[in-house]
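Every read-out reported here was derived from the displayed coordinates using simple, explicitly stated rules and does not represent laboratory data. Computed from a predicted structure; not experimentally measured. Methodologically, a virtual Cβ is constructed for each residue, glycine included, from the backbone with ideal geometry; neighbour enumeration extends over all protein chains shown.
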Amino acid sequence: MTPLALRARLALVFASSFALLLVLGAVGLYFQLAGAYERDFDHGLEDGASAARSLLAIDRAEYPTREAAVAHVVGELIYGDRTIAAFSPTGSALAISRRIPDHPYFDDVRPTTLLEVPTTLTLRAGEARVLRAPLTDGIELVLALDTSPLQHRLARLRLALFTGLPLILVVGGVFGAWASGLVLRPVVEMARAAERVGQEVAEGATAFTPVPPRASGDELAVLTDAMNLLIVRLSAALARERSVAERQRRFLADAAHELRTPVAILRSEAEVTLKGGGSESEYRESLGRIAAESEDLGRLVNDLLLMARNDSEALTPSRQRVYLDDLAHLVVSRASKLAQAAGRDFRWDDFEAAPVMGDPALLERAIMVLVHNALVHATGPVVLSSGVKREGGRDWSWLSVRDFGAGIPAAERERVFERFSRLHRESAGAGLGLPIARAIAEAHGGTLTLADVTPGAEFLLRLEKA
């Protein structure tokens, strides 16, 4: 829905509500004023009866009988818009006011059909408001007042109300459209901001301009704050997703590069073997190389799968209580033959219990990477230490693996944790061991760092104490 359509709908709702209230108000006002007009009109009847009684009190002594006095009073009261008739206690007519030309004359009124309150009757001369009022000694007056002036006044009232209503409705609709425009302006601004953010997303942006905040504290301010929070979260989510996508892109490129060599070796060995013409020992030697390359390729694929899980944030280790020192003993036991073949030995320095909450298999693999790295790339004994240290208000379990080889230059100490990174091209391996060990440490909320020691190198694995 466009802002203009929403504005028109709000204006329509406002105008409809305003029209309903206006019509109800106009109807109520009409009945209120009509009642007031009728009461004012009826006062004319009551005033006529009061005037007759006053005049009779003054002139009664001048006439021998009350009937003569009443006839005189009725004859003296001359009104152009009303007729006055007097009736005896028995209901016979005593007198009736004189007729005025071109005015209605209600000579057919009778007291027996009237109440002592003003009543509207339809007589021969037309519609009249009729009142029966006592005069003296059982004699009654009947006053009939032409309703034409009242009807004309009510007609003018209806004309004024129902002619003015459409004009007021038009003005109300225009005002509603103007007011809805003011109310919708912040909403339109947010809609444009959302459209701008969508365009920036399509263009590859990860940072977006927020909607200017409102200091009013009303519902629109709450909506603006929610919109800005959404923009912040969208920016963070897009940055994270694009970072993951970039890491995956680099991972695929690196993986393709690393897999190319072992696959090429396997293919060449297989092609040579298939050509035939060699001796049995040559076949066995070729098959042995194929088996060795296949084993290396399998390890490489497993390492690549683990790094892929880490890049997609799917590396979620299980949590159980384990001890880094126990895992270190297990790793040393498994690596003992490799150490013997290399003429190396293991030594234990400060070796205290180091409990953590983590995945035993993954942590064992990380420690194996550190031990294997020390055995393959260094010389001298491999020294292992473990313990617990308090730092930053928290207790940390740690395990260190140190060798006494040539060491790692300070400028290269972070590069060794980059995937497929090797300090020497002739070094064995694919350059994934240390990146995998660090990924496992970080997945457990810990760190893997390279300490500044001489001679040799010391890797420090640190996890929160369980």
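Quick notes
- For region 154-181 versus region 185-242, the spacing of their alpha-carbon centroids is 41 Å.
- Candidate cross-link partners of LYS337 among the aspartates and glutamates, defined by an alpha-carbon separation under 16 Å and a same-chain spacing of 8 or more, comprise ASP345.
- Two-decimal log10 I(q)/I(0) for region 53-196, as the Debye equation yields it once each C-alpha is a single scatterer, q = 0.09, 0.16, 0.19 Å⁻¹: -0.47, -0.88, -1.08
- Cβ-based net charge around LEU448, under 9 Å, with every Lys or Arg adding one and every Asp or Glu removing one: +1
- Those lysines that a straight Cα-Cα span of less than 24 Å connects to LYS389, excepting residues fewer than 8 apart in one chain: LYS465
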